[in-house]
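These notes concern the structure reproduced below.
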Amino acid sequence: MIDFIASEALTPADEARYLQAYLPLVNKVVRQLAYQASSVMDKEDMEQIALMGLLTSLRRYGHPDEQFGAFAVQRVRGAVLDELRQLDWRPRRLRQKTHKLNDAIRELSRKLGHPPTFEDLKLHLSITAEEYQEYLLLDCARSLESLDDLLGNDIYTGALDSRPLEDEMIVSRTLRSALVSLDEREQFILTLYYQHEMSLKEIALVLDLTEARVCQLNKKIAQKIQSFFDK
């Protein structure tokens with residue numbers, strides 16, 4: 001499939017006007033991803049990266065229409081997440097703790113025959129509730145990265161991608177099958193996160209759940225969708 005080519009190049013004045021017009025989109029993405037970046041990137045730096053993602057989107061797309069917002073938000077999110085990956089935003093101490101908890105969860109799951117609760121892990125590792133919450137948020141961040149990789153390039157951008165048409169159709173069919181397999185609450189969470197660009201804290205308030213529980217649900221969603229691509 002041929003890459004999208006804008007029918008009319010944007011002037012510097014056009015770019016400045018559209019950047020200002022779509023600034024709320026940038027602010028939403030920054031607010032949504034802030035929990036992942038606070039340890040390695042301040043808000044101003046994240047905003048600059050997001051703005052560059054928006055500018056790149058404008059230059060590729062051309063003059064915005066009603067579909068531009070959906071196109072741009074994925075690329076703005078992608079620009080921020082790419083920078084976070086390069087910075088290795090999980091501090092070494094937290095990475096080591098996460099590996100230790102993952103090992104414990106696998107071991108206890110084998111012994112118990114089901115995923116361990118916090119109380120099980122507390123007895124096994126003597127971890128605090130705060131440490132467990134920290135682990136869940138980190139685990140959630142990885143799940144969200146996985147979801148972004150699976151969904152970000154396929155939901156809104158089919159006509160602008162350069163994949164062969166046959167491959168694109170296969171990916172699209174697989175993704176639709178995966179999304180249909182989700183239950184109503186899981187689909188609602190994706191809608192809140194990707195279409196309404198709500199933060200995890202906001203989603204937790206809407207669903208009357210804890211952020212940790214929303215994180216667990218996000219991980220389950222990512223695993224369900226990934227399983228369709230692994231078949």
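The values are calculated or read from the model by the stated rules, or taken from the named source; none is laboratory data. Being a predicted model, the structure only gives us computed values, none of them experimental. We place every Cβ from the backbone using ideal geometry, glycine too, and count neighbours over all the protein chains shown.
Residues are listed down the side, and each one gets a yes or a no for (1) under 16 Å from the mean Cα position of the chain (by Cα); (2) of a type outside the set (D, E, K, R):
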{"site": "176", "(1), (2)": "no, no"}
{"site": "179", "(1), (2)": "yes, yes"}
{"site": "185", "(1), (2)": "no, no"}
{"site": "195", "(1), (2)": "yes, yes"}
{"site": "201", "(1), (2)": "yes, no"}
{"site": "210", "(1), (2)": "no, yes"}
{"site": "214", "(1), (2)": "yes, yes"}
{"site": "220", "(1), (2)": "yes, no"}
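Checked against (1) modelled with pLDDT of 75 or more; (2) under 19 Å from residue 201 (Cβ atoms), residue 39 passes all but condition (1). For segment 187-206, taking the residues that are over 18 Å from residue 136 (Cα atoms) and at pLDDT 85 or above, the one that is surrounded by the fewest Cβ atoms within 10 Å (Cβ to Cβ) is identified as 191.
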